[in-house]
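Data block below; observations after.
Just so it is clear, none of the values below were taken in a lab; they were calculated from the coordinates. Just so it is clear, the model here is predicted, and its values are computed rather than measured. Note: ideal-geometry Cβ built from the backbone for every residue, glycine included; neighbour counts use all protein chains shown.
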Amino acid sequence: MKIEVNRPAPVDIASEKSPSALSIMWRELVRDRLALVSLIILSVILLIVYGASIFLDQEEIVKVDFLAIHSPPSAEHWLGTDYGGRDVFGQLIIGARNSFTIGLAITLITGAIGLVVGLVAGYFGGWIDNVIMRIIDFILVLPFLMLVIVFVAIVPKYNVATFILIMSAFLWTGKARLIRAKTLAERELDYVSASKTLGTPDWKIILFQILPNLSSIIIVNLTLNLAGNIGIESGLTYLGFGLPESTPSLGTLVSYATNPDVLQNKWWVWLPASLLILVMMLCINFIGQALKRAADARQRLG
Amino acid sequence: MLKFILRRILIMIPQLFLLSVLIFLLAKAMPGDALTGQLAANPKMDPQTLEEMREKLGLNDPVHIQYIRWVKNMLQGDLGLSYTHQQPVTDLLAGRVGNTVLLSAAILVLTYLIAIPLGVVSGRWTNTWADKLIVGYSYIGYATPLFIFALIMLFVFGFHLGWFPTGGSVDIQVEEGTLAYYLSKLNHLMLPALSGALINTVVTIQYLRSEIIDTKVKDFVKTARAKGVPERQIYWRHILRNSFLPIAAFLGYEITGLIGGSVFLESIYSYPGLGQLFLQSIMQRDYSVVTALVMISGVATLVGTLLSDIILSAVDPRIRIE
Amino acid sequence: MLLDVRHLKVHYPVRGGFFRRVVDYVKAVDDVSFSLNQGETYGLVGESGCGKTTTGRTIIGLIRATAGEVLFEGTDLTKLSRRQFHPYRKDIQMIFQDPYSSLNPRKRVLDIIAEPLRNFEKLSPHEERKKVQSMLERVGLSADSIYKYPHEFSGGQRQRIGIARALMLNPKLIIADEPVSALDVSVQAQVLNFMKDIQQDYGLTYLFISHDLGIIRHMCDRIGIMYRGRLVEEGTSEDIFANPQHIYTKRLLSAIPNADPRERGKQTALRREVEQEYAQAYSRYFDETGRAYPLKPISPTHSVAIP
């Protein structure tokens, strides 16, 4: 059995301000080699993707060229072309941009809803909490994937905004439940009682007293969710029920692999997109795991 | 305990009701109705007769009456008529359900077969090379989307190496009931089931590992060790038994994941099950089949959560209190 | 009379059975009446779970009373809406038991102590900082610690921050809920004496809640003994310690440890005697449901719960 010895850290109080939650997390992240590498790779990918997509002409890329159908990688088309003679590399860039942006949008929307609902339910408790929890319980037992597909299939005037809305309608529940549980725990602490006796209004207690204490969990949860949401989006697009065709995603490129000939013989069409999804999700997950360790003081590296 | 089960079932009733209302409304929102199929089969039907048939089938009745009729029919096993296949939806599902159940069961069995040894090894001998490998695998598996992993598996083992068939659930030539038939079924099952299980299992591995690590520093384990209980027995009697029970209970919660997974796996491996049928039906706008499938998976998920809740409460009495 | 608590009751429903109906009530505070005069310290004593903390928290409005009145300078606080209660928050403040959880770990000392100011007074940041700094010095902390976070202080220092926060609005009544029980014994006396000092300076009235009779004796002018949600004896410090009447009070007093080893035999004999009396005379002090009788005055200052 190893005994942990508490080394008193030499802290110079006069010069060193107490670190905020964010700066602790940042420090931990940089100290974790795997997470740091992930962060660098992800930043480079995003820089290239967003940088290049400014210069790429989407019209040009989606233009059909029957003279260059399924041509293998060459100097002109770095990753070859698809069944319509369209440049795969260009589609990869635009697809990655769309997938990431939409994943981020869903994460932020569901995060905001989950935060508000979770804070309100957890802080006020009582019947408000009861009603909200019953609704969440119900949404959580719905067959998510099938319902999203049905919604996508029957919604009139389907576009990116409706896709984000449909996804968000289901995905806020997990966050709301997490935030509620944490708020319930914080609410029992005396600093909340103190604020009440000091005459601080409830909304201020929620926003300025409780919320800062939840910030690290929220960041961890949003990071891990971002990876998950990119995965769900590209998966649905792969099945044909994600982003509309006017907005190509990484899933669009992968979906060409439903044609066995493409899957077997034309790897350049679907494999790069698959690997890019994989790399992005791995990076985000590694960053998220490092943040999770940082948020939990017992697991910090030092 | 009995009281808890009864109350838990009582909670399920409004959920079931809401689910059916939601799906009924969705079905109403889908373009076309029960007659669209008839119309497709017989395009020359005149509008007057069509309207009469509508009236006869009660499609002009108030919504709530239609809903009650829909539920009644469903309870009697009448899920409507598929217009693309021109046969009752119930028959259509009956022909497919076996494959999906087989695939899901195979995934579950493999999931536990992989998770238990890996989780135990990694939790018992932490920070060894084996542990680091297993943790690495679980991180990667956790991050990898199922459809990409399944595609790559199909590409490598199906097409490139040719070890497994690349589609279908059984060879056409083999005769049903023979040994060759079952072997062929198994052969077709392996790759999709393995793809599902290798991804599905990582959550259980991570759970087992952290559970064992948490338990092995608990006081009752230290006491057992201090009394001189052999290490093997400590793990078997004190640690693993405590960690395995909740895992068994998670079985019901897995159903949600399995339904979603089967949609992807069956589509990638062209495996003729309910997931594939769902995608085909929605693309062919065969909405009576879609509605039936969503309703069935909804009920399956509800029952799964119910079972898990009950098993968990039997295992861990603290849950029963609320 | 500054505070007059009349027939205060706090009951929690116990739900049971299949339909979760209310089958019983936990009577955390069961018909408690007492009053505080301007400038005095009133001690509420009792074992853990006897309802003394619930009483304190109900007076300050953190817990809703089931029945009864809490008259503060003649106004019944239990009947006020949240908004109507607001001006009274200034006058009644609380010192919490746990100096760790009662200070928000994410806030600087400045923000913690200035919180009540920001709710009641509109000050410029400069004035606010001035006020906070002078209060910090008043409670014995250095004025430049305003930018530090709570975890940089010791338990005793943190409790002083809590006291500074409570003093910011010049309250009339302070409810001190076990203010030193989380502190090291060596620090307890410091904080208690400091509380006595500021009581004189600010003309404070204390409702002092504690399970430690030694501290109560040191601090309080009058004392109420609580048991199972009810007051069983009330009187001046002199009445309670020199002339305990209720069997529960006697039992509580006999449990005070005596530091003199030569008295050990005497102490043990006394405890045994009290224990015996408790067993024999239980039915004389509690009715058949185990509930204490209402208080009856036996002298102008001293009342006991006897039939």
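Under the simplified labelling scheme, the residue C:131-residue A:40 pair shows an inter-label distance of 5.3 nm, with each label point 7 Å from Cα along Cα→Cβ.
With θ taken as phi - 60° and the Karplus curve 6.51 cos²θ - 1.76 cosθ + 1.60 applied, the whole-hertz 3J(HN,Hα) list for the stretch A:281-286 is 5, 4, 4, 4, 5, 4 Hz, x standing for glycine and proline. Global dimensions of chain C from alpha-carbon coordinates: Rg and Dmax equal 21.0, 66 Å. Projecting label points 7 angstrom from Cα along Cα→Cβ for residue A:54 and residue C:200 puts them 7.2 nm apart. Computed over the alpha carbons of chain B, Rg followed by Dmax gives 24.5, 89 Å.
A Cα-only calculation for the stretch B:147-203 places Rg and Dmax at 12.5, 39 Å.
Between the listed residues C:110, C:19, C:55, the Cα displaced farthest toward the positive end of the dipole of chain C, a dipole computed from Cβ unit charges relative to the Cα centre, is found at C:19. Spacing of the modelled spin labels on residue A:134 and residue C:276, each 7 Å from Cα toward Cβ, amounts to 6.2 nm.
For chain C, complete DSSP H runs whose alpha carbons reach 15 Å or more along their own long axis and whose mean Kyte-Doolittle score is 0.5 or higher are C:109-120.
Springs join every pair of Cα atoms under 10 Å in this Gaussian network model of chain A, and among A:159, A:130, A:98 the largest mean-square fluctuation is at A:130. In the stretch B:183-322, a dipole from Cβ-located charges (positive for Lys and Arg, negative for Asp and Glu) runs towards its positive end, and of B:261, B:226, B:292 it is B:226 whose Cα lies farthest in that direction. The DSSP beta bridges internal to chain C are antiparallel in roughly 65% of cases. Comparing mean-square fluctuations of B:116, B:199, B:172 from a GNM of chain B with C-alpha springs under 10 Å, the top value falls on B:172.
For the stretch C:171-189, backbone nitrogen atoms closer than 15 Å to the point 7 Å from residue C:84 Cα along Cα-to-C-beta are found at no residue. With only the Cα atoms considered, the stretch C:190-266 has a convex hull volume of 115 Å³ per residue. For the stretch A:271-285 versus the stretch C:52-89, the spacing of their alpha-carbon centroids is 59 Å. The stretch C:180-214 and the stretch A:209-225 have Cα centres lying 38 Å from one another. Percent of Cα pairs in the protein assembly as shown per distance bin of 20 Å, from zero to the largest separation: 11, 33, 32, 18, 6, 0. Taking 0.36 nm per residue of sequence separation and removing the Cα-Cα distance, the residue B:213/residue B:54 pair yields an extension gain of 50.8 nm.
Taking the convex hull of the alpha carbon atoms in the stretch B:263-322, what volume per residue do you get, in Å³?
On the way: hull volume 6.1 nm³, N = 60.
In the stretch B:263-322, the Cα convex hull volume per residue is 102 Å³.
Considering only B:62, B:88, B:14, the mean-square fluctuation computed in a Gaussian network model of chain B, springs between alpha carbons under 10 angstrom, is largest for B:62.
Calculation over all alpha carbon pairs of the stretch B:159-287 in 5 angstrom steps from 0 returns a P(r) of 2, 9, 13, 13, 12, 11, 10, 9, 7, 6, 5, 2, 1, 0 percent. For the stretch A:142-251, the spherically averaged projection of the C-alpha convex hull amounts to 8.7 nm². Put a plus charge on the Cβ of each Lys and Arg, a minus charge on the Cβ of each Asp and Glu, and nothing anywhere else: the dipole of chain C about its Cα centre is then about 980 debye.
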